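This report concerns only the one structure given below.
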Amino acid sequence: MELKEAIDLRHSVRRYRDVPIEKDIREQLDEYAFLLSKQGGLNIQIVYDEPECFNVRLARYGHFENVKNYVVISGKKEKDLEERAGYYGELFVLKAQTLGLNTCWVALTHGKSRAVLKDGEKEVILISLGYGESQGVSHKNKDLSVLSPDYAGAPDWFKKGVDAALKAPTATNQQKFRIALKEGNKVKISTAGIGPYLKLDLGIVKCHFELGAGKENFEWA
Ligand SMILES: Cc1cc2nc3c(=O)[nH]c(=O)nc-3n(C[C@H](O)[C@H](O)[C@H](O)COP(=O)(O)O)c2cc1C
């Protein structure tokens, strides 16, 4: 399965089965995390078989159950750190989905992670990882006329990009982004209003748009 196909299958999953991740799947995940860390200038670590981080009241209150594996995304404090964490983290999320795993981005509802940070690095966000009790459910979408007013008259590649962007996870499903078609094949994506984790969301949404539209069909404005 390609990453693009995983977009339709992915939903946040917070309750997991008590099944360890197999050795060969771990190897594929580790390899991909290493590659993405390099490409994104990030430190993406996977912590396996560690139940304590999500065994706290906050996580239980957030409806997390049986989380024993998680990904920690960290990086040097730079202006675009959050957006990069979103973009490369979502590539990881989709890869995990192709391998039959489920995930959930987790900014708040977790305890202390076991990630080992290097000097000057900041922990940005976690992603829970494992075999879900269910496959989750589709989220509600804001109106297309709000998120992408150019949609109706736009070329096919743009529509596919927006369709994929609508399926992107955003913090509290806030979908505070706008996608506009500019002159030629330029696409402008921006955040709209205020809210938590907007830059992370933006990176995630960009990742989905690129996979849906095809990078070869457009340029970011
Ligand atoms: C940046 C970010 C942070 C998130 N933080 C949390 C969190 O702390 N706790 C939680 O339960 N879900 C969290 N989520 C998951 C969102 O609630 C979820 O993605 C959204 O409701 C859309 O649902 P879906 O992922 O099933 O499409 C987060 C998602 C994103 C993108």
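Looking only at region 153-183, how many residues end up being small (Gly, Ala, Ser) and modelled with pLDDT under 95? Break it down into steps so the answer makes sense when it comes.
Of the residues in region 153-183, the ones small (Gly, Ala, Ser) are 153-154, 161, 164-165, 168, 171, 180.
If we keep only those that are modelled with pLDDT under 95 as well, we get 153.
Of the residues in that region, 1 qualify.
Kindly indicate whether any position in region 27-34 is within 19 Å of the chain's Cα centre (by Cα), within 30 Å of Asp163 (Cβ to Cβ), of a type outside the set (A, V, I, L, M) and within 16 Å of the ligand (Cβ to nearest atom). The answer is no, given that none of the residues of region 27-34 is within 19 Å of the chain's Cα centre (by Cα), within 30 Å of Asp163 (Cβ to Cβ), of a type outside the set (A, V, I, L, M) and within 16 Å of the ligand (Cβ to nearest atom).
Starting from residues that are out of contact with any helix residue (DSSP H, G or I) (no Cβ under 8 Å at 6 or more places or on another chain) and of a type outside the set (Lys, Arg), keep the ones in region 172-189 and report whichever is farthest from Phe209 (Cα to Cα).
By that ranking, first place goes to Thr172.
One residue is enough: does region 171-191 have a residue meeting the conditions within 16 Å of the ligand (Cβ to nearest atom), closer than 27 Å to Thr103 by Cα and over 16 Å from the mean Cα position of the chain (by Cα)? Within region 171-191 (the criterion being within 16 Å of the ligand (Cβ to nearest atom), closer than 27 Å to Thr103 by Cα and over 16 Å from the mean Cα position of the chain (by Cα)), the answer is yes, since at least one residue qualifies.
Which residues, counting only those in region 48-69, are within 12 Å of the ligand (Cβ to nearest atom), buried (at least 20 other Cβ atoms within 10 Å of the Cβ) and at pLDDT 90 or above?
Of everything in region 48-69, those that are within 12 Å of the ligand (Cβ to nearest atom), buried (at least 20 other Cβ atoms within 10 Å of the Cβ) and at pLDDT 90 or above turn out to be Phe54, Phe64, Val67.
Kindly evaluate Ile73 against the criterion of being assigned by TED's automatic domain parsing to the domain that holds Ser12, over 26 Å from Lys215 (Cα atoms) and out of contact with any His (no Cβ under 8 Å at 6 or more places or on another chain). No, not satisfied.
Report yes if some residue within region 134-141 is over 12 Å from the mean Cα position of the chain (by Cα) and more than 19 Å from Asp8 (Cα to Cα); otherwise report no. Looking through region 134-141, none of the residues is over 12 Å from the mean Cα position of the chain (by Cα) and more than 19 Å from Asp8 (Cα to Cα).
The residue that is farthest from the ligand (Cβ to nearest atom), among those in region 193-217 that are surrounded by fewer than 21 Cβ atoms within 10 Å (Cβ to Cβ) and outside any helix (DSSP H, G or I), is Gly214. Of all residues in region 175-192, those satisfying the criterion of being assigned to a loop (DSSP other than H, G, I, E, B) and buried (at least 17 other Cβ atoms within 10 Å of the Cβ) are Gln175, Lys176.
The values are calculated or read from the model by the stated rules, or taken from the named source; none is laboratory data. What you see is a predicted model; the values in this text were computed from it and never measured. As a convention, Cβ positions derive from the backbone with ideal geometry for all residues, glycine included, and neighbour counts pool all protein chains shown.
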